[in-house]
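Here the structure is laid out as structure tokens; the discussion comes afterwards.
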Amino acid sequence: MAGSDVGFSFQADVVNVGSLAHLITGRALKSLSDGGVDFYSVVVVHMLGKSFVVSSSLEASVHSHIVAKGRTGIQSVLSKALRIGWGHSGLAEDMSRTRAGTNALLLIGALATGSTSFVAAQCLSELLSLYGCRADKLPNLDVLSHMTGYLAPFVQDLGFPKILAHVTTTAARAICLQTPDNTQAAIHLTRHGDAPGVAGTINQLMLTSKKRETVYLITRMRGAWFSTFASHLLGMAVELRLNDSVVWASAGSNGTAIFELGEHQTAESPVPVVSDRKIMLVEPTGPEIEKSVEVFYSVGDAFESLIAQFPAINIELRGAIARSISRVSLSYARNRNKGNYLGNGDFDMYGAHRETLQAFGIDSISEGPTEYLRRGLMNACGKHGDRQSQEDFYKVFGSLVKMHLKCLCGRVNRLIEGFAAAIYALMHCRFDASKLSLRGDVLLGESRKSQLVKLLNNDSGLGTLDGVLSYLMALTCIDDKKIQLQLKLFNDDYRVMGLSGGNHTVYYTGLLQTNCYDQQGRFLSLSPGRASVDGTMRLLLLEGASGWNTDHSQAMDLSTSLGVGSFVEPHYLPSRVSVYLGVRLEEGAIQVRFAVGLEKATADEISLTQCVHYVLSRKFLRCEHKANAQFRVENEHNVKVLGFNPCLARKREDALHMFALRGNKLEQVISTYTIYYRQGKDASELQHFACLKCCIEAALKRPPDFRSVIMGG
């Protein structure tokens, strides 16, 4: 289709942008400016969208989906400029008003599924070339890559990734059942291929579906992806075959596509003859041929989908593998908590572990016969019959990070490692399992080893959640390496408070809400959407704290002394002192600064990351009473109740200060660390798991320079 007629028409359309009036409105132009998206690249792909048709049912759902998505998100309660969500949807929404724009969005979303934005841009560039855009008129790859990364997330939850995961799982299991040793067919199913080959096949599928014809393709790459593209996007009837046996199929009305992962059918084939139809050989030729298309699985389906690709694993062995995942992930948490490096501190680690396992559909029972798993795997694998191979197996089995066996045993062992690490990382954050998908290659333990080592071998002192943030981004984003490269541009004066890429952002919850931790001690959140300031996105959220301000002229004692016989229970007392969040856009990052004081201009700067790490290192008082029980003031008590006022941390007097901060966990965390920082020692009791009376009695046993209780909950 790169003939002169097509080329001339395409060039004329690109020059004449009069038909794109809906894209030069004020809102669309602002979105282009805020997002750094090149207008010419949008025009070019919009014209490309005129050249093919997509499934009518899919097309009809795009605009309403983007509009609804643009209304979702979370705005910071401390700074209205900071937002995590899809508030930058103006450009995508305006593109979806026309059929051509909708087609372009769906194509971009499909190309970006399973590939980095740069690889997707390469394929898009090749497609533009095939449709007549001359080389001197093509947008450069960096421009296309940025546009792809900006627009693709708006349509990627319309079904393409889920269908790709389903096709991959179903076909991989069928291939393994038919020919267990046929590694070539498995490679043909997922191999990434090169941009020219991918673009050429897409071009052929578009032409075939438009004319409602039939095409037979012997494919050596992207078997699952091409099947998904033809079925879901183009509405074609699809058959994915292995040596004439159908391993996956779907119905459609816009033509037929038959993909053969094996050899071309023989004369004795029982399937319908296709020799009278167009036959194409899809053969990769470029340097990307050994890479695989990355497949994402929803949290609830990930374990069953990936384990289903191993037909030799029966239901009993599957249960043993699940128990092993539970046991290994819990051991990671126990080891980290002992050193106070990571983990959930003195909070309910087991509750966090149990809830995360439930999200994966895995039983939380961690005990089980390890020997059964070993012997069961050896029998199912069938490659450890001699004594030497059995000795090699026992040497490496359980050495999760260093497992290199390429047989079934090695693959299952890496799967246990990958799932255990994912569960351990997700234990640290709050997330909605129904809106979260994870990378299959990371869950299978086949990539991102450096992030895994950083996650499990943190030696950076009292604590950092950097390893958790990094690993969670590797789990949820293909372009996570771009984020890591961006992070290296900033020095150690900055502390990571969030990473944003692909379809998700992982961040300290205190950035957006005062409920900055939960009962299980999870201070992080993993939310759909991108981090932005007034519509401008960045990959990094960095805290630029330069230290603690030592000017305490703002300290004010707005306290109330309690008389003997008075009753008090955990509550919240408003204060004139507030927490402020300053937000500033930098090149490549959003810089945030926390401060406390009477006014923002004169507030004392603080570091929330230090506050969080200190609280995670603390031990909490526990008792058998209800945490919200009332306390009666007796003669021996000299108690003052006050609101949020960490500036009083150095005041010396005999009274015991009770900070009434119930319900505002952000102020609780800041007060706990501030008192420690000013006093140089643990001088407060954070009332979280114990009643007020027990906390006050414990506080009164401390030295009488600044004894305090912080009402929690």
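Read-outs throughout are calculated quantities, based only on the coordinates presented, and are distinct from any laboratory measurement. The model shown is predicted, which means the values in this text are computed figures rather than measured ones. Please note: Cβ atoms are built from the backbone with ideal geometry, for glycine as well, and neighbour counts cover all protein chains shown.
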(request) Putting +1 on Lys and Arg Cβ atoms and -1 on Asp and Glu Cβ atoms, find which of Val42, Ser79, His63 reaches farthest to the positive end of the dipole of the stretch 33-92. (result) Ser79
(request) Report, in debye and to the nearest 20, how large the dipole of the stretch 573-623 comes out about its Cα centre when Lys and Arg carry +1 and Asp and Glu carry -1 on their Cβ. (result) 400 debye
(request) Any chance you could check the Cα centroid distance between the stretch 49-114 and the stretch 187-219 for me, in angstrom? (result) 25 Å
(request) Mind checking the full-extension length gain between Asp493 and Thr72? Use 0.36 nm per residue of separation minus the Cα-Cα distance, one decimal, nm. (result) 148.2 nm
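Can you figure out the FRET efficiency of Gln184 with Ala249, using R₀ = 25 Å and their beta-carbon distance, to the nearest 0.05? Write down the numbers at each step before the final one.
On the way: r = 21 Å, r/R0 = 0.86.
Plugging the Cβ-Cβ distance into 1/(1 + (r/R0)^6) gives 0.70.
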(message) Which of the three applies to the stretch 581-630, rounded, prolate or oblate, going by the alpha-carbon gyration tensor with a ≥ b ≥ c and a/c under 1.5 meaning rounded?
(response) prolate
(request) State, as an integer percentage, the relative contact order of the stretch 101-148 based on alpha-carbon contacts under 8 Å between residues 6 or more apart. (result) 43 percent
(request) Convert each backbone phi in the stretch 441-447 into a coupling constant with the Karplus relation 6.51 cos²θ - 1.76 cosθ + 1.60 (shift: θ = phi - 60°), then list the ³J(HN,Hα) values in order as whole Hz, x for Gly and Pro. (result) 5, 6, 5, 7, x, 9, 7
(message) From the phi angles alone, apply the Karplus equation (6.51, -1.76, 1.60; θ = phi - 60°) to the stretch 68-73 and give each ³J(HN,Hα) in whole Hz, x where the residue is Gly or Pro.
(response) 5, 5, x, 8, 9, x
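Do the alpha carbons of any pairs in Lys80/Lys665; Lys481/Lys665; Lys80/Lys137 sit beyond 29 Å of each other, and which pairs? Before the final figure, lay out each step's value.
Values: Lys80/Lys665 20 Å; Lys481/Lys665 34 Å; Lys80/Lys137 41 Å.
Flagged as over cut-off: Lys481/Lys665; Lys80/Lys137.
Could you work out the relative contact order of the stretch 32-164? I mean the mean sequence separation of Cα pairs under 8 Å and 6+ apart, divided by the number of residues, in percent. Let's see the in-between values first.
Values: 153 pairs, mean separation 40.0, N = 133.
Once divided by the residue count of the stretch 32-164, the mean separation gives 30 percent.
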(message) List the GluC sites (Glu not before Pro) within the stretch 597-647 that DSSP assigns to loop and that have no more than 14 neighbouring Cβ atoms inside 10 Å.
(response) Glu599, Glu624, Glu634, Glu636
(request) Identify, among Leu138, Tyr150, Gln204, the residue whose Cα sits farthest towards the positive end of the charge dipole of the stretch 137-216, taking +1 on the Cβ of Lys and Arg and -1 on the Cβ of Asp and Glu, with the dipole about the Cα centre. (result) Gln204
(message) Just to be sure I understand the model, the point goes 7 Å from the Cα along the line to the Cβ. What's the resulting Asp142 to Thr602 distance in nm?
(response) 4.7 nm
(request) Hey, for a label at Ser33 modelled as a point 7 Å past Cα toward Cβ, could you say which residues of the stretch 69-100 have their backbone N under 18 Å away? (result) 88-92, 94
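Mind checking the full-extension length gain between Ala698 and Arg97? Use 0.36 nm per residue of separation minus the Cα-Cα distance, one decimal, nm. It would help to have the intermediate numbers written out before the result.
Working: separation 601, 0.36 × 601 = 216.36 nm, distance 6.48 nm.
Between Ala698 and Arg97, full extension yields 209.9 nm more.
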(request) Report the extension gain between Ala308 and Ala135 in nm, rounded to one decimal, defined as 0.36 nm multiplied by the number of residues separating them, less their alpha carbon distance. (result) 57.7 nm
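Give the shape of the stretch 475-514 as rounded, prolate or oblate, defined through the alpha-carbon gyration tensor: a ≥ b ≥ c are the square roots of its eigenvalues, a/c under 1.5 means rounded, and otherwise the shape is prolate if a/b is larger than b/c and oblate if not.
Working: a/c = 3.55, a/b = 1.11, b/c = 3.20.
Since a/c reaches 1.5 but b/c is at least a/b, the shape of the stretch 475-514 is classed as oblate.
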(message) At R0 = 22 Å, how high is the FRET efficiency between Lys435 and Gln358 if r is their beta carbon distance? Nearest 0.05 is fine.
(response) 0.85
(message) Let me check against my output: what whole-number percent is the relative contact order of the stretch 557-611, with C-alpha pairs under 8 Å and at least 6 apart?
(response) 24 percent
(message) Run the simple label-point estimate for Ser298 and Asp654 please: 7 Å along Cα→C-beta, distance reported in nm.
(response) 6.5 nm
